[in-house]
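The values are calculated or read from the model by the stated rules, or taken from the named source; none is laboratory data. Predicted model, so just to flag it, every value in this text is computed and none were measured. All Cβ positions, even for glycine, are placed from backbone atoms using ideal geometry, and neighbour counts span all protein chains on display.
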Amino acid sequence: MTSDWARFGVEPGWSFAIPHRVRWSECDPFRHAGHRAYFEWFEEARNRYLEAVGLAPLSPDTPGPVIAETSIRYHRPLVYADQILVTARTVRLGRTSFEMEYAVWHDGLCALGRAALILVVNATGEKTPLPPELRKRILARDPAAGEAVIAGVVAAHEHGRSGWR
């Protein structure tokens, strides 16, 4: 599928993508994709990315990701029937948390999003460490996520802070 990425204008550094066609129900009266649609596309890309790296199926007793913070920056509008590619990657791994970026592409970058996620046991709300095998699979797909952790630890040490997020 990566051979198709060039026709959408995807820049290097992305490890996962899903195609989508902008639906009528995702548009405002002026045919522009509404802001809520982007978050839904990011959610779909995140869930499929996490399935691809082996996150266990969600259940009350199985740890799953909870969004702590999210943002989006729009670059160009999309309209009804645009064929788009939604990309996802992990950019930082912590002990119980991780950060992901998402982008929407159609003749280049249209929107860039980010989310901070915490791994939580849904039944108790308790934070839980990322399983070693999940961490390994994420790093195999997105090696730069490990570099961000190392940079964060070094910066924390240099500023007298310790601990993992």
Practice item. From R95, R76, R46, R114, grab the single residue that is in contact with a Cys (Cβ under 8 Å, 6 or more places away or on another chain) and not hydrophobic (A, V, I, L, M, F, W, C). Key: R76
Check your understanding: Among the residues of the stretch 38-48, is any among the small types (G, A, S) and at positive phi?
Key -> no
Practice item. Could you tell me whether the stretch 52-75 includes any residue that is surrounded by fewer than 19 Cβ atoms within 10 Å (Cβ to Cβ), assigned to a helix (DSSP H, G or I) and out of contact with any helix residue (DSSP H, G or I) (no Cβ under 6 Å at 6 or more places or on another chain)? Key: yes
Exercise for review: Among the residues of the stretch 145-163, write down those that are closer than 22 Å to A52 by Cα and at pLDDT below 95.
Suggested key: G146, E147, A148, V149
Exercise for review: Within the stretch 1-51, track down each residue that is loosely packed, with under 11 Cβ neighbours inside 10 Å and either touching a residue at least 60 places away in the same chain (Cβ under 8 Å) or not charged (D, E, K, R) (or both).
Suggested key: M1, T2, S3, A6, P12, R21, W24, S25, P29, F30
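Pull up the stretch 85-115, narrow it to residues that are small (G, A, S) and either more than 11 Å from the chain's Cα centre (by Cα) or farther than 20 Å from R137 by Cβ (or both), then point me to the one that is surrounded by the most Cβ atoms within 10 Å (Cβ to Cβ).
The initial filter retains those residues of the stretch 85-115 that are small (G, A, S), namely 88, 94, 97, 103, 108, 111, 113, 115.
Okay, now just the ones that are also either more than 11 Å from the chain's Cα centre (by Cα) or farther than 20 Å from R137 by Cβ (or both), so 94, 97, 103, 108, 111, 113.
Values: G94: 21, S97: 20, A103: 28, G108: 11, A111: 25, G113: 22.
Here the answer is A103.
Let's see how each residue does on (1) touching a strand residue (DSSP E or B) at 6+ places or on another chain (Cβ under 6 Å); (2) at pLDDT below 95:
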{"site": "G34", "(1), (2)": "no, no"}
{"site": "E40", "(1), (2)": "no, no"}
{"site": "A56", "(1), (2)": "yes, yes"}
{"site": "Y74", "(1), (2)": "yes, no"}
{"site": "L78", "(1), (2)": "yes, no"}
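Got a number for residues in the stretch 85-136 being of a type in the set (A, V, I, L, M, F, W, C), in contact with a Phe, Trp or Tyr (Cβ under 9 Å, 6 or more places away or on another chain) and not in a strand (DSSP E or B)?
The qualifying residues number 1.
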